[in-house]
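Report on one structure; see the data block that follows.
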């Protein structure tokens, strides 16, 4: 456990050792990191409504991936509510992404049930369905598809695997959080690309050796039409005379600015609207409407991105009634709160 001068407390998987954080650090943002799947969601659900807490593996990943999706949708000219999403890897990261995207679909006018049915999630056993006798975590249950509706999808082994889901669900967005290298095979990608003009394909597992597909293959298999972001850094891909810059969905694009917005606004807790504002701020900095451009700003521009995210988060906190200070000028207040390293010049004697 560690705290910094801005009141942001980072807690790893060692636990909090019984310390009553809310008493010792009443204005702290608790940044949770690297908790196991069995604990991450449970702990966040327990404290999210009473403490200013944030789980980077779930919410940070979800926000930066949602930013990539927003940029891709704007580039393709589609609407979010019409997307069909397949997620390979139904753990805390994958389902955290599903939650954020689903909630945004609801804000666009879908009911919760309508939005949830636009997601197909798979774990190592195959598609999540409501007839499983056990083994599903509580956060997976809402995304389990009615078994009767997918009864005819099963492959040769009797299970509904990724190939069958892509062929039948006809997704517009394919997300990988599975750590299964090569899971997005050429036949699967070509099947997806046959049903959608600009397929959004996000192989997010890292390191590179765990990536579901290589960006160069995705661009080639879709004749340059795929909109791609990855979890690991990849070099640009040249295809048919055009350079495709591959965005890295790095959580660092979100969590420093999120913390800054919380610190400046003294937010009592982190709301869904604040996370959505962070994602939208990152997406706004993308140049994805230009063909071949990256879906996300580069990590090298982190200071600019963090400022934009901090301003958006502070404003969202005020709009939600969660700010504990007056935000007269969020832009100025965020920039004044940012630390700038100054190194004195040392003259040789």
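The values are calculated or read from the model by the stated rules, or taken from the named source; none is laboratory data. None of the values given here were measured: they were computed from a predicted structure. For neighbour counting, all protein chains shown are included, and Cβ atoms are generated from backbone atoms with ideal geometry for every residue, glycine included.
Within the range 152-182, being under 25 Å from residue 293 (Cα atoms) and touching a strand residue (DSSP E or B) at 6+ places or on another chain (Cβ under 8 Å) holds for 171, 172, 173, 174, 175, 176, 177.
Sort through 55, 27 and tell me the only one that's surrounded by fewer than 22 Cβ atoms within 10 Å (Cβ to Cβ) and in contact (Cβ under 8 Å) with a residue 12 or more places away in the chain. Answer to the check: 27. Selection of the range 209-229 for residues being touching a residue at least 24 places away in the same chain (Cβ under 8 Å), under 26 Å from residue 179 (Cβ atoms) and surrounded by fewer than 21 Cβ atoms within 10 Å (Cβ to Cβ) yields 209, 210, 217.
Yes or no, residue by residue, for (1) in the same structural domain as residue 78 (by TED's automatic domain parsing); (2) in contact with a helix residue (DSSP H, G or I) (Cβ under 6 Å, 6 or more places away or on another chain); (3) surrounded by 18 or more Cβ atoms within 10 Å (Cβ to Cβ); (4) within 18 Å of residue 97 (Cα to Cα):
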| site | (1), (2), (3), (4) |
| --- | --- |
| 256 | no, yes, yes, no |
| 259 | no, no, yes, no |
| 280 | no, no, yes, yes |
| 289 | no, yes, no, no |
| 296 | no, yes, yes, yes |
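On the stretch given as the range 303-337, residues that are within 20 Å of residue 251 (Cα to Cα) and surrounded by fewer than 16 Cβ atoms within 10 Å (Cβ to Cβ) total 2.
On inspection, residue 110 qualifies as within 22 Å of residue 69 (Cα to Cα), modelled with pLDDT of 95 or more and assigned to a loop (DSSP other than H, G, I, E, B). Residues of the range 177-206 being under 15 Å from residue 93 (Cα atoms), surrounded by 24 or more Cβ atoms within 10 Å (Cβ to Cβ) and without any contact (Cβ under 8 Å) to a residue 40 or more places away in the chain, which ones? Across the range 177-206, the qualifying residue is only 203.
Checked against the criterion of being in contact with a strand residue (DSSP E or B) (Cβ under 6 Å, 6 or more places away or on another chain), buried (at least 24 other Cβ atoms within 10 Å of the Cβ) and in contact (Cβ under 8 Å) with a residue 60 or more places away in the chain, the range 230-239 has no qualifying residue. Considered as a group, the residues in the range 218-229 that are in contact with a strand residue (DSSP E or B) (Cβ under 8 Å, 6 or more places away or on another chain) and assigned to a helix (DSSP H, G or I) include one that is nearest to residue 288 (Cα to Cα), and that residue is 219.
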